[in-house]
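These notes concern the structure reproduced below.
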Amino acid sequence: GVQTCALPILDDTGRLVRVGGIAMAAWGVRALVIWAMLRAFAVPVPATAAAAVLLLLNLGIATVPVPGNFGVFELTIAGALGLYHVPAEVGMGLGLTLHAVEIVPVTLLGLALRATGRLPAPAEPADSRPHPDRTPPPSAR
């Protein structure tokens, strides 16, 4: 039959609610991590600042895509905290630390799993393999 919806999940209300709930829980946990970082850095802001930082951070990294979000992540956090009159150097320090907290453990876990063979190597992109009917250009021979 003809699919009436471009996103099949929208056809299943129960699944949509479950996925939405999981996404909201993940955002809540991430906001709690930001709140913990704000407390660790002794940044005197209201609790709502964690949600504001998270919202602006997600908008920032979605708007300016760069590999690993390096630079954009930290600057967005510093800018968001600047709205609460937090000095830029404190915001940058918090941003660098939060970025490390989010990236380093996952990267180390991935490397450990890869080293033990529990995480397979990524598949080669289909378009990078030569087509069997095509002869490679002279520069590639």
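For this structure, a couple of remarks:
- Output for the stretch 18-43, where each listed residue is in a helix (DSSP H, G or I), within 16 Å of L94 (Cα to Cα) and hydrophobic (A, V, I, L, M, F, W, C): A31, L32, V33, I34, W35, A36, M37, L38, A40
- Test: N69 is farther than 11 Å from L94 by Cα, in contact with a helix residue (DSSP H, G or I) (Cβ under 6 Å, 6 or more places away or on another chain) and not aliphatic (A, V, I, L, M): yes
- Output for the stretch 19-43, where each listed residue is loosely packed, with under 11 Cβ neighbours inside 10 Å, under 18 Å from the mean Cα position of the chain (by Cα) and of a type in the set (G, A, S): A23, A25, A26
- P46 vs. criteria open to solvent by 90 Å² or more (accessible area, probe 1.4 Å), not small (G, A, S) and not in a helix (DSSP H, G or I): no
- Evaluated against (1) within 14 Å of the chain's Cα centre (by Cα); (2) modelled with pLDDT of 95 or more, V106 falls short on exactly one condition, (2).
- Scanning the stretch 62-95 for residues that are over 21 Å from A51 (Cβ atoms), open to solvent by 90 Å² or more (accessible area, probe 1.4 Å) and either aliphatic (A, V, I, L, M) or not in a helix (DSSP H, G or I) (or both) gives P65, F70.
The values are calculated or read from the model by the stated rules, or taken from the named source; none is laboratory data. Note that the structure is a prediction, hence the values are computed from the model and not measured. Cβ atoms come from the backbone with ideal geometry, glycine included; neighbour counts cover every protein chain shown. Calculation scope for accessible area: heavy atoms of the full protein, side chains included, ligands and nucleic acids excluded. Shrake-Rupley method; radii C 1.70, N 1.55, O 1.52, S 1.80 Å.
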